[in-house]
Amino acid sequence: AQLDAAAGPRWRTAETNRSAVAERLHQYYADGFGDRRPVQIDLDNASIALTILSGADWLSRPLDLRADEAAGRFTYDHDAAVVPQPESDTWRLAAATRLAECLVQETRFVDGQLYRMTGWESQPDGVRTSFTTGSFAQYALTVDLLEAETLAAVQTGGEALPLRDLMLPTVDSVLDPGSRNCMGGALALTAFARPAQGARPADFALLVQERGAKVLNASRRLAVIPKCFHEPTSEPTWDVSVGTSLARELEEELFGKPEVDTTLDTRRTVDPMHPDLLTGPMRYLTETSPAGWSMECTGFGFNLLTGNYEFPCLVAVHDEGFWHRCGGDVESNWESERITLVSSQDRAGLRSLARNPAWSDEGLFAFVLGLRRLHELHPERVALPHLEIGFTQ
């Protein structure tokens, strides 16, 4: 493939209008929407449509990921069928081009294990999901190609979406994860309690990242942090809870622990999350202040753009002592280009941030759900802008 390494893939570096992408996909799937519809955020009388397909029952009840009962919501499927690869010359060319782009752009591409969703079931106490293991390459070279195709079509005004016609043609197919390489993960708004200082009242420090150029997903987009694929750490059957992935990514993306970075091919530790190997910040949370922090799943949805499953979450450190003792150890890893810190008491700043068109849809989804939940827990520390989370009609 003849590619310009300096310019990079046009669809990735261009300023693609996120609202235009959402509108394009809403039109594509318009005839199939029923109980599950695209999420819409109403912020101070302005509506923001997302590509996240969800429902009121998937957003209504936070799940405590640290509670024992949470483990029962995520099960390992030992009998899952293998997903056949597409049979299409269009797909083969797109997959070869993706590999060529990764080579010339030096994108980090490691064919590690990921959890592939095989099914879901809505129950009165929330959604329950099942997973088996698949590989990153199976995902990156199939349904993940849909993002590039869609963004390119929006930029050029093209109508044809042959890869989507092949792999994700209907809303029913979006809602049937077992029929494809349906990978995804968890992403969390992380909030650290801080005491009052000067003119600033007691608040939470909220972290938002700009994704780096060498990540395969949401490159150069705003997202909450951590943002991770759902993947095994050491034991696929027992690591299947989303909370396990999220705790690992806190260590990797914010607390500086390289041993849990699954994109590195030099990892030798059998159990990198063993208590003896925890970083200082995680040890403080789990040993010094186990009741001083929470990790909750705030919703669930499927991303129409990529076909991914998304688990938006909130990690809230309620203990002000953590920021005093460990705030200096909080740092981002290679996946982030930069980190923005915003106060939960800065209503105007939060409003402006939510309106920023640079968000990935799953990132904004997690940000607003996490912010709403944080306000429910600590209304005195969160100056929440007027926002409502609903669905397109």
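The values are calculated or read from the model by the stated rules, or taken from the named source; none is laboratory data. Note that this is a predicted model, so its numbers are computed, not measured. Heads up, the Cβs are rebuilt from the backbone with ideal geometry, glycines too, and the neighbour counts pull from every protein chain shown.
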- Filtering region 360-390 down to residues that are in contact with a Leu (Cβ under 9 Å, 6 or more places away or on another chain) and part of a strand (DSSP E or B), which residue is surrounded by the fewest Cβ atoms within 10 Å (Cβ to Cβ)? Glu388
- Tally the residues that are of a type in the set (Ser, Thr, Tyr) and at pLDDT 95 or above, restricting the search to region 15-57. 4
- May I ask you to list the residues in region 14-35 that are touching a helix residue (DSSP H, G or I) at 6+ places or on another chain (Cβ under 7 Å), under 21 Å from Tyr309 (Cα atoms) and surrounded by fewer than 19 Cβ atoms within 10 Å (Cβ to Cβ)? Gly32, Phe33
- Output for Cβ contacts, cut-off 6 Å, separation at least six or different chains, first residue without any contact (Cβ under 8 Å) to a residue 24 or more places away in the chain in region 108-123, second part of a strand (DSSP E or B), reads Glu121/Arg128
- Task: Only one of these is under 26 Å from Cys182 (Cβ atoms) and either in contact with a helix residue (DSSP H, G or I) (Cβ under 8 Å, 6 or more places away or on another chain) or outside any helix (DSSP H, G or I) (or both): Phe311, Phe322. Name it.
- Result: Phe311
- Is there a residue in region 140-158 that is modelled with pLDDT under 95, in a helix (DSSP H, G or I) and under 30 Å from Arg373 (Cα atoms)? yes
- Task: Hey, could you check region 39-85 for residues that are of a type in the set (S, T, N, Q) and surrounded by 16 or more Cβ atoms within 10 Å (Cβ to Cβ) and say which is nearest to the chain's Cα centre (by Cα)?
- Result: Thr51
- Message: If I filter region 179-198 for residues that are at negative phi and assigned to a helix (DSSP H, G or I), do I get at least one hit?
- Response: yes
- Conditions (1) assigned to a loop (DSSP other than H, G, I, E, B); (2) surrounded by fewer than 24 Cβ atoms within 10 Å (Cβ to Cβ); (3) touching a residue at least 24 places away in the same chain (Cβ under 8 Å) -> Met282 fails only (1)
